[in-house]
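Novice: So that we are looking at the same thing, I have put the structure below in structure tokens.
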């Protein structure tokens, strides 16, 4: 019994100690709960403050964005993916012909914005409008549309684009309208200026042919300088109206100009269509150049004579006298360029080639023929047998030691005359050979045979008289 007392006391002491520890723990627990409550309240306050700050930032951003959109000099229209109106800035509202109704649908757009194909009375297809395309996920831009108000029209450029969320779904469609009135005015002015410039160039090309510029390797007439020149191998064609002076004396000045212009307008296409160009007109005379093959010049001469036949039919029906022309063609080297002074400049060609072509044209008057070519041209033909031809003369050229052979091209003659010339061609050319050799008696015999076949052969008659004068 005495031995158990210390143990009980010890136990009580331990119990007392445990109770004290429990009290301490309970106190600590109470303190922790107070601290936790305090921290929770503080956290709520902080979270609330952060949320308020975020809300204020968003509101400020939205405010600035709205101010920015409303200050833009462009119309902005936003539709919800459902097609309802979501937003319109002041410019977009101003472009509308009537007040926008909140949440109007996309298919009602034409009621507020009467849209037409620019410059026409055709209604602009709604399905092609960029805002509708944007609802389909497409980016588009158009500038061929105009909105019509009661007393004025506004041309527009419209851009449409879709707005996607994080998952790639369309949430909005936005369209931007830009008034392009000034741009269209500038485009119209530019077009007018371009047309005027084109017309001016067309007018200038009548004075300075396009082919002339090309031969000088110039792009425009403004690039031409006095003294520009080039050396070329070309064919030169001269044509002239027979007895024009006598004819012109029967006409008034006005009638003379009308006649000349009518005639030249008739001849010009034959030259152009055969790759030639007219270098100059001198009264009724035409000088044309051909930079391609010699055949172009010969074909042009034949075409001119065929055209003359039709022109004379018109003159007969109109009560006018038919006219005759002579054409001379030569091929060779020439200098093509510009001559003149500071205030007056002209295009020209200089060479013996030109002089001989002019002389051949004059020779047609002497022989009563329509088309003569030199042997320079004859030798450059791709195939001389493509044409009806015969040797006419051996021409002495001033300053040249070798005579020039002259050939008649008679494809444009009347069929019966052409046939007679072809039949008598061999006899005629033998007669010319004997004449040039001084065998006049043999030449006379052959020439008389030619005239028996073709009494209208003026050249055979001329040579016959020459031979007879030598006997």
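Novice: So residue 141 ticks every box in (1) in contact with a strand residue (DSSP E or B) (Cβ under 8 Å, 6 or more places away or on another chain); (2) surrounded by fewer than 17 Cβ atoms within 10 Å (Cβ to Cβ); (3) outside any strand (DSSP E or B) but one. Which box is left unticked?
Specialist: It is condition (3) that residue 141 fails.
Novice: Out of the range 173-194, which residues are under 22 Å from residue 160 (Cα atoms) and out of contact with any helix residue (DSSP H, G or I) (no Cβ under 7 Å at 6 or more places or on another chain)?
Specialist: 176, 178, 179, 180, 181, 182, 183, 184 - these are the residues of the range 173-194 that are under 22 Å from residue 160 (Cα atoms) and out of contact with any helix residue (DSSP H, G or I) (no Cβ under 7 Å at 6 or more places or on another chain).
Novice: Identify, from the list 68, 112, the residue that is under 26 Å from residue 182 (Cα atoms), over 33 Å from the mean Cα position of the chain (by Cα) and modelled with pLDDT under 85. Explain how you work it out, then say what you get.
Specialist: Values: 112 fails: modelled with pLDDT under 85.
Every option except 68 fails the conditions.
Novice: Could you list, ordered by first residue, the pairs with Cβ atoms under 6 Å in which the first is in the range 83-108 and over 21 Å from residue 145 (Cα atoms) and the second is in a helix (DSSP H, G or I), at least 6 apart or interchain?
Specialist: 83/106
Novice: While we're here: Quick test of your reading of the structure: residue 250 fulfils all but one of (1) exposed (fewer than 14 other Cβ atoms within 10 Å of the Cβ); (2) in a loop (DSSP other than H, G, I, E, B); (3) at pLDDT below 65. Name the failing condition by number.
Specialist: Going through (1) exposed (fewer than 14 other Cβ atoms within 10 Å of the Cβ); (2) in a loop (DSSP other than H, G, I, E, B); (3) at pLDDT below 65 one by one, residue 250 breaks only (3).
Novice: Please verify whether residue 347 is at pLDDT below 95, in contact with a helix residue (DSSP H, G or I) (Cβ under 7 Å, 6 or more places away or on another chain), surrounded by fewer than 18 Cβ atoms within 10 Å (Cβ to Cβ) and not in a helix (DSSP H, G or I), treating the condition exactly as stated. I'd like the intermediate steps shown before the answer.
Specialist: On the way: at pLDDT below 95: yes; in contact with a helix residue (DSSP H, G or I) (Cβ under 7 Å, 6 or more places away or on another chain): yes; surrounded by fewer than 18 Cβ atoms within 10 Å (Cβ to Cβ): no; not in a helix (DSSP H, G or I): yes.
Judged against the criteria, residue 347 is not a match.
Novice: Next question. Could you list, in sequence order, the residues of the range 357-375 that are free of Cβ contacts under 8 Å to residues at least 60 places away in the same chain, in contact with a helix residue (DSSP H, G or I) (Cβ under 9 Å, 6 or more places away or on another chain) and closer than 19 Å to residue 233 by Cβ?
Specialist: Once the filter is applied, which keeps residues that are free of Cβ contacts under 8 Å to residues at least 60 places away in the same chain, in contact with a helix residue (DSSP H, G or I) (Cβ under 9 Å, 6 or more places away or on another chain) and closer than 19 Å to residue 233 by Cβ, the range 357-375 yields only 374.
Novice: Counting only residues that are surrounded by 12 or more Cβ atoms within 10 Å (Cβ to Cβ) and assigned to a helix (DSSP H, G or I), how many does the range 96-107 have?
Specialist: Of the residues in that region, 1 qualify.
Novice: If you don't mind, another one. Within the range 451-465, how many residues turn out to be under 16 Å from residue 439 (Cα atoms) and either exposed (fewer than 14 other Cβ atoms within 10 Å of the Cβ) or free of Cβ contacts under 8 Å to residues at least 12 places away in the same chain (or both)?
Specialist: 1
Novice: What about residue 407, is it assigned by TED's automatic domain parsing to the domain that holds residue 310 and either at pLDDT 90 or above or under 16 Å from residue 367 (Cα atoms) (or both)?
Specialist: Details: assigned by TED's automatic domain parsing to the domain that holds residue 310: yes; either at pLDDT 90 or above or under 16 Å from residue 367 (Cα atoms) (or both): yes.
Taking the combined requirement at face value, the residue satisfies it.
Novice: Let me ask something else. Those residues that are touching a helix residue (DSSP H, G or I) at 6+ places or on another chain (Cβ under 8 Å), part of a helix (DSSP H, G or I) and buried (at least 17 other Cβ atoms within 10 Å of the Cβ), I need them from the range 108-132; list them, please.
Specialist: 109, 131, 132
The values are calculated or read from the model by the stated rules, or taken from the named source; none is laboratory data. This structure is a prediction, so every number in the text was calculated from the model and none was measured. Ideal geometry is used to build each Cβ from the backbone, glycine not excepted, and the neighbour counts take in all protein chains shown.
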